[in-house]
Amino acid sequence: VFISVTLALCSCKTEKDISYIEWYIPRPTANMSNQGAVEEAANRIIYDKIGAKLRFQFVKNFDEKMNILISTGEPFDICLTCGWQNKFIPNVKRGAFLPLNDLLSKYGKDILKQEEDFAWKTASVDGKIYAIPGQNIWSPIISCSVRKDLAEKYGLDIGSVKNIKDLEPFFEKIKENEPNIIPLGGDISSMISDRRYYSTDIEGLIFTKDTQTFMCELDAPQMLENLRTIHKFYEKGYIDRNAASKKNIQSEINEGRYAVFPGVTVVDDGGAKTSATVGYDVLPIIFGQESITNASVQTAMTAISKTSPNPEKSMQLINLVWQDKELLNLLAYGIEGSDYTVVSGAGTDDISVLPNSGVSVRYGVAHNWLGPLFNQWDSPWNSKESLMKIRKQNEIGEVSPLLGFIINTDGMETELSRVSSILNSANVILKLGSMEDFDKFIGDIRAKLDDAGMNKIIQEVTRQYNE
């Protein structure tokens, strides 16, 4: 009896003995007061499966915090990395992340089963994988939205609209007959992407489908034609002349002030999500589908820090999130009853939930930030139908020939900074078409880009690509 009791006492782990995996993510909502309850529930599953526990670090100033952690070498385990926050490539260059090839082979079988093979190209540098791409909309549609009542009133056949130029007769009718409605508004640049070109990871640099060469986007005939069309619309009064100075165009969109504007979805859902967002019925006008690029796949990725005290447990935890649908949705939606209600399918694998919204939100994390989007329970965040559409859209999306081509920007930093500064200033005018003389404006900007070193960038990127 003495021996049995002694062994039992020795085998009991204290809180100090338990490995905690620290996972850094941008603060998803203003109020995450239910985090403790969510982690307690999740850790009952996690500890039973991998013998460790999770501790989320939801950070408001995420970029700033991650830069400090990485610069000082402070230990942590897992973090979100992407092209827009805690940037992936610069951090790989800094040596911030662990190569994951061996860890994935040993502990990541459920990740490897579900991840698209091509996605690993965007998460790799010199043959080593440094992050796990979260499932996402990798091949978004190029589209805009039109008020349904106005489309019906003026007989707009949305199926016949192939590009923004085809909308000119409709804009003309709105201008003539609807004095309180602005024909076109919002970020127009999202409506004029041209599939004859592939985007690159460098602002202002594109890759042409026909000639397989890199060029400045202001040298591309079709891009210039689209920009010239926007200028023409501006001159005719189809675009709000005060748009550049407005702080919140979205509020005017919600008020119904615009006949045509960008939608809030990049999946063809018949306009349902945009209609729900703006509060009135809209119809989607689809111009095409973007190619799958480094940037689109790198939207949300998960990396393990080089300073992690627990790299093997960290990979086991990430894999468990991809394996266990209950755990994934617990970490995303929170606790049933306090963070969401079950609408249907309770006790099954085909569940539908309604998360709290507005001031009642106490917890919520985007599924693609955690990794496996397609294991998400049906909800207004993404319905089961919309998830199927996203997956199908990714399957038929054209993979860019530049996928996995990571540009080495060493030695080009000065030129890239100058080019970015010029384009940032010019884009405000280009997006609205508000220049007085289109050809003179384009010529002046192109000359400034030459002086800034755009041609040097093109030559160096071409050399790297050919190599």
**Report entry** Selection within segment 409-450 - touching a helix residue (DSSP H, G or I) at 6+ places or on another chain (Cβ under 8 Å) and of a type in the set (Lys, Arg)
**Finding:** Arg418, Lys431, Arg446, Lys448
Query raised in the report: Failed condition for Glu203, given (1) farther than 22 Å from Phe171 by Cα; (2) charged (D, E, K, R); (3) in contact with a strand residue (DSSP E or B) (Cβ under 7 Å, 6 or more places away or on another chain), with all others met?
Result: (3)
Report summary line: Exactly one of Val365, Val353 is assigned to a loop (DSSP other than H, G, I, E, B), open to solvent by less than 40 Å² (accessible area, probe 1.4 Å) and at pLDDT 95 or above, and that one is Val365
Report task. Could you pull out the residue among Gly347, Gly263 that is of a type outside the set (Val, Ile, Thr), without any contact (Cβ under 8 Å) to a residue 40 or more places away in the chain and in a loop (DSSP other than H, G, I, E, B)? Result -> Gly347
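Here is a yes/no grid of residues against (1) over 28 Å from Ser400 (Cα atoms); (2) basic (Lys, Arg); (3) more than 25 Å from the chain's Cα centre (by Cα):
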site: Thr229; (1), (2), (3): no, no, yes
site: Gly237; (1), (2), (3): yes, no, yes
site: Asn242; (1), (2), (3): yes, no, yes
site: Lys247; (1), (2), (3): yes, yes, no
site: Val266; (1), (2), (3): no, no, no
site: Tyr280; (1), (2), (3): yes, no, yes
site: Leu283; (1), (2), (3): yes, no, no
Report summary line: Selection from segment 379-420 of residues part of a helix (DSSP H, G or I), small (Gly, Ala, Ser) and either at pLDDT below 90 or surrounded by 13 or more Cβ atoms within 10 Å (Cβ to Cβ) (or both) yields Ser386, Ser420
Query raised in the report: So, of the residues in segment 165-181 that are assigned to a loop (DSSP other than H, G, I, E, B) and touching a strand residue (DSSP E or B) at 6+ places or on another chain (Cβ under 8 Å), which turns out to be farthest from Ser145 (Cα to Cα)?
Result: Glu178
Query raised in the report: If you go through segment 209-222 one residue at a time, do you hit one that is over 16 Å from Ser291 (Cβ atoms), β-branched (Val, Ile, Thr), in contact (Cβ under 8 Å) with a residue 40 or more places away in the chain and surrounded by 15 or more Cβ atoms within 10 Å (Cβ to Cβ)?
Result: no
Requested in this report: Determine whether segment 2-11 contains at least one residue that is modelled with pLDDT of 95 or more, in a helix (DSSP H, G or I) and either among the hydrophobic types (A, V, I, L, M, F, W, C) or surrounded by fewer than 17 Cβ atoms within 10 Å (Cβ to Cβ) (or both).
Outcome: no
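Could you say which residue among Lys106, Lys113, Lys87 is free of Cβ contacts under 8 Å to residues at least 12 places away in the same chain, open to solvent by 50 Å² or more (accessible area, probe 1.4 Å), out of contact with any helix residue (DSSP H, G or I) (no Cβ under 6 Å at 6 or more places or on another chain) and within 22 Å of Gln323 (Cβ to Cβ)?
Among Lys106, Lys113, Lys87, only Lys113 is free of Cβ contacts under 8 Å to residues at least 12 places away in the same chain, open to solvent by 50 Å² or more (accessible area, probe 1.4 Å), out of contact with any helix residue (DSSP H, G or I) (no Cβ under 6 Å at 6 or more places or on another chain) and within 22 Å of Gln323 (Cβ to Cβ).
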Query - Output for segment 116-160, where each listed residue is without any contact (Cβ under 8 Å) to a residue 60 or more places away in the chain and outside any helix (DSSP H, G or I) - result: Asp117, Asp126, Gly127, Lys128, Ile129, Tyr154, Gly155, Leu156, Asp157
Requested in this report: Return the total of residues in segment 430-445 being surrounded by fewer than 16 Cβ atoms within 10 Å (Cβ to Cβ) and part of a helix (DSSP H, G or I).
Outcome: 4
Report task. Filter segment 249-290 for residues that are open to solvent by 50 Å² or more (accessible area, probe 1.4 Å) and aliphatic (A, V, I, L, M) and give the result. Result -> Val264, Val266, Ala272, Ala276, Ile286
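Residues checked against (1) in contact with a Pro (Cβ under 7 Å, 6 or more places away or on another chain); (2) within 23 Å of Ile253 (Cα to Cα); (3) open to solvent by less than 20 Å² (accessible area, probe 1.4 Å):
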{"residue": "Trp120", "(1), (2), (3)": "no, no, no"}
{"residue": "Ile129", "(1), (2), (3)": "yes, no, no"}
{"residue": "Pro133", "(1), (2), (3)": "no, no, yes"}
{"residue": "Lys153", "(1), (2), (3)": "no, yes, no"}
{"residue": "Glu172", "(1), (2), (3)": "no, yes, no"}
{"residue": "Ile181", "(1), (2), (3)": "no, yes, no"}
{"residue": "Gly185", "(1), (2), (3)": "no, yes, yes"}
{"residue": "Gly204", "(1), (2), (3)": "no, no, yes"}
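Need at least 1 residues that are farther than 26 Å from Ser421 by Cβ and touching an Asp or Glu at 6+ places or on another chain (Cβ under 8 Å) per element, so show me which strands (runs of 3 or more DSSP E) inside segment 182-260 make the cut, counting only ones lying wholly within it.
182-184
Could you list, in sequence order, the residues of segment 74-84 that are open to solvent by 40 Å² or more (accessible area, probe 1.4 Å) and either closer than 18 Å to Pro311 by Cβ or in a helix (DSSP H, G or I) (or both)?
Start the filter on segment 74-84 by keeping residues that are open to solvent by 40 Å² or more (accessible area, probe 1.4 Å), which leaves 74-75, 83-84.
The answer is Glu74, Pro75.
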Report summary line: By residue number, the members of segment 293-309 that are surrounded by fewer than 23 Cβ atoms within 10 Å (Cβ to Cβ) and either out of contact with any Asp or Glu (no Cβ under 9 Å at 6 or more places or on another chain) or outside any loop (DSSP other than H, G, I, E, B) (or both) are Asn294, Ala295, Thr299, Lys306
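The values are calculated or read from the model by the stated rules, or taken from the named source; none is laboratory data. As the structure is a computational prediction, the values presented were derived from the model and not from experiment. Quick reminder, even Gly has a Cβ in these numbers, built from the backbone with ideal geometry, and neighbours come from all protein chains shown. Quick note on the areas: whole protein, heavy atoms, side chains included, nothing else; ligands and nucleic acids left out. Shrake-Rupley method; radii C 1.70, N 1.55, O 1.52, S 1.80 Å.
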